[in-house]
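Take a look at the structure set out below.
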Amino acid sequence: MKRVGFPSGNLLFLHPNGLSCRFTFRYTSFYFSFDAMNWERFYDKGYEYILFNGPRLISAFIILLIGFWLIKFIRKALLMGMEKRDLDPSLRPFLQSLIIISLQVLLLIGFMQIVGLQLTIFTTVIGAFGVAAGLALSGTLQNFASGVLILLLKPFRVGDNIVAQGQEGTVHSIQIFYTVVTTFDNKTVIIPNSKLSNEIIINTSREGKRRMDVELKLNYGFDFQSVKPIIAESIRSTKNILESPAPRIGVSALEPDGYKIVVNAWVTTHGFTDARLRFQEKLMEDLKRADVKLPGM
């Protein structure tokens with residue numbers, strides 16, 4: 001196959017068998033008619049789109065503007081409501097951001113549906129991303145949810161003395177993912193919130209007072225009715241022991257080599273250990289002064 005070109009713009013194709021085919025092109029008239037047709041079609045399509053979709057687009061943008069204004073108003077109302085209800089300060093920014101972002105996402109989705117944008121692919125991608133993130137951050141999300149529950153339900157507050165995960169101390173701070181506890185020997189313990197929300201917590205501060213239980217053993221040579229006033233006087237002279245509920249002194253057990261006396265006295269929560277130490281020291285001195293001997297004395 002050989003090609004022969006002509007200045008007139010004609011192309012002649014010659015086959016070795018003698019067959020020929022001629023093609024004629026008029027470049028100027030072709031391009032001119034093509035441009036005119038495209039512009040006319042583009043104008044018709046644009047006019048048709050504006051005619052049928054213009055009101056919907058205008059209403060969508062109006063709804064978008066009104067929605068953002070309402071969300072701004074809701075943000076201020078949320079802040080005032082949280083302050084009025086005395087919600088935990090560490091929880092306020094999180095809840096406010098969560099609610100506002102959720103409203104903004106819903107508003108944008110509604111706007112896209114009104115405009116007519118297809119959300120199928122968008123929804124699929126978001127769903128797949130959510131599943132992947134949930135699997136990767138399952139432990140972290142559990143701590144996060146537990147932190148929110150702790151801040152909302154308040155099983156303990158900052159400053160409370162608690163016993164949890166084998167640790168006893170004072171709650172220093174409650175974060176979204178973990179809680180910081182300072183033990184009585186000044187160690188900092190960081191406990192994940194999921195451990196605190198799913199397991200037993202002993203809050204020794206909530207009631208404001210605790211019962212102090214002290215037990216001592218005497219042989220049968222000492223009369224209980226003679227020892228009881230000595231113990232009662234030791235209770236009255238010890239600081240931080242409350243008068244109400246009234247202290248209780250009684251015999252808790254009878255054994256072959258003696259009997260046991262139990263002392264129940266109520267003290268303030270903060271200072272419980274100090275009150276216990278002071279009482280035991282005072283009791284030992286008073287019994288010794290009255291020639292009442294404890295085992296080994």
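Every read-out reported here was derived from the displayed coordinates using simple, explicitly stated rules and does not represent laboratory data. These figures come from a predicted structure and were not determined experimentally.
Summary table
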quantity: Rounded D (µm²/s) - region 237-297, Kirkwood Rh over Cα pairs, Stokes-Einstein at 4 °C, 1.567 mPa s; calculated: 99
quantity: Shape metrics for region 193-297, restricted to C-alpha atoms - Rg then Dmax, Å; calculated: 16.4, 55
quantity: Stokes-Einstein translational diffusion, region 165-204 - Kirkwood Rh over all Cα pairs, 0.890 mPa s, 25 °C, in µm²/s; calculated: 238
quantity: Expected-Rg normalisation [2.2 N^0.38 Å, Cα atoms] applied to region 158-237; calculated: 1.66
quantity: Length released on extending from Asp257 to Ile62, taking residue separation times 0.36 nm less the Cα-Cα span; calculated: 61.1 nm
